1. Report the calculated FRET efficiency for R275 and A89 (r = Cβ-Cβ distance, R0 = 25 Å), to the nearest 0.05.
2. Past 25 Å, Cα to Cα: identify those pairs from K136/K161; K90/K152; K136/K234, in the order given.
3. If you roll a 1.4 angstrom probe over the protein chains with everything in place, what fraction of the accessible area of the stretch 162-285 belongs to carbon and sulfur, to the nearest %?
4. Quick check: residue separation of N158 and R197 times 0.36 nm, minus the Cα distance between them. What number comes out in nm?
5. Quick one: net charge around P265, please, counting Lys, Arg +1 and Asp, Glu -1 for every other residue with C-beta under 10 Å from its C-beta.
6. If I model a spin label as a point 7 Å beyond the Cα along the Cα-Cβ vector, how far apart are those points for V220 and K234 in nm?
7. Using the C-alpha atoms of the stretch 114-213, what convex hull volume per residue, in cubic angstrom, is computed?
8. Assuming R0 = 22 Å, can you tell me the calculated FRET efficiency for the pair R149 and D211, based on Cβ-Cβ distance, to the nearest 0.05?
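The values are calculated or read from the model by the stated rules, or taken from the named source; none is laboratory data. If you're wondering where the values come from, they're calculated on a predicted model, not measured in any experiment. Cβ atoms come from the backbone with ideal geometry, glycine included; neighbour counts cover every protein chain shown. All accessible areas refer to the heavy atoms of the entire protein, side chains included, with ligands and DNA or RNA removed. Shrake-Rupley method; radii C 1.70, N 1.55, O 1.52, S 1.80 Å.
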Amino acid sequence: MSGYHGRGKTSGVAVLQLFLRWLRHVPRMSPAGSRTRLDAGCLQFLKSDSASGERTMKVRHLVAVGLMSAICGSGVAKDVDIYIEFLWAKPPAGAIARQETRQFVSEGSHDHQVCIAANAEPTDVGGLQLEFLDAKGSRVSLERHPDYRGAKHCYPANLGKHGVPGEWTVRAVLGDGREQSARIRVDPRIEDSPQYRMRNVPYVAGRPNYDASIPPEEWVGRLVWAMDVDPQGKVTHVEVEVAEGVGERLRDRAIAAGYLTLFPPDPGRAAAPLRWRRTLSFASE
């Protein structure tokens, strides 16, 4: 994945540095609707309507950045120098949306991914070391990727066999000395996770992929889409309610992201259906 270069005025590395600096100041989505801070989070609950089950989230977009922000559960430290993102499954080639997640499961056949980005363009960073530590801090896996070149790349999540469930730590260490950690919930089965009991909060949030064909100065606007969720936790209908400015050009991506979103089941939705909204606001910086 590549970033914009400010049409000859801003280097890709400078753009990534601005992006990573911006991430430090964006609050995370809290399952309870509070404004809990997460240093590299991307989402914030702006309102919580317990009667309708609606949720609205907002994220700001940094113009000229070829990276999208992390999911709310990707707890990266404040001094962000390496961007870490967790995906529920590997997106197919050419996908226009992806499944960011705050939860992995260690049993069964899952294609969970850990994505690392240190630079906007491929450069010599001395390779990558990727380590998983379980809830007790014990090493579960350690992989070395000498061919890693700094640009965003996704690797299968190596969850090992005997890790202690809970909040795990993922450490990314580059050969040039930079390192970063992020946290992800890991349980044997999704049903074992406390997040699975948060009925009106998705454990996988579909997210539109960045569209590199749109000029940087045109990333201004707003996009709101609503998802209808059935008792099994599946999104059955997605409707774009607001598409202003660049949002008009992202309609298809928002709809695709909506159908990728996964919720815990809730039999109560048979009588009181859940409609869950998401808002993306884009503004020049």
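1. On the way: r = 25 Å, r/R0 = 1.00.
Calculated value: 0.50.
2. Numbers: K136/K161 15 Å; K90/K152 14 Å; K136/K234 33 Å.
Correct reply: K136/K234.
3. Working: 2650 of 5220 Å².
About 51 percent, which is the carbon plus sulfur part of the accessible surface.
4. Values: separation 39, 0.36 × 39 = 14.04 nm, distance 2.55 nm.
Between N158 and R197, full extension yields an extra 11.5 nm.
5. Numbers: positive: R199, K234, R269; negative: E191, D230, D266.
Residues near P265 contribute 0 overall.
6. Using points 7 Å along Cα→Cβ, the separation is 4.2 nm.
7. Working: hull volume 11.3 nm³, N = 100.
About 113 Å³ per residue, rounded to a whole number.
8. Working: r = 23 Å, r/R0 = 1.06.
It comes to 0.40.
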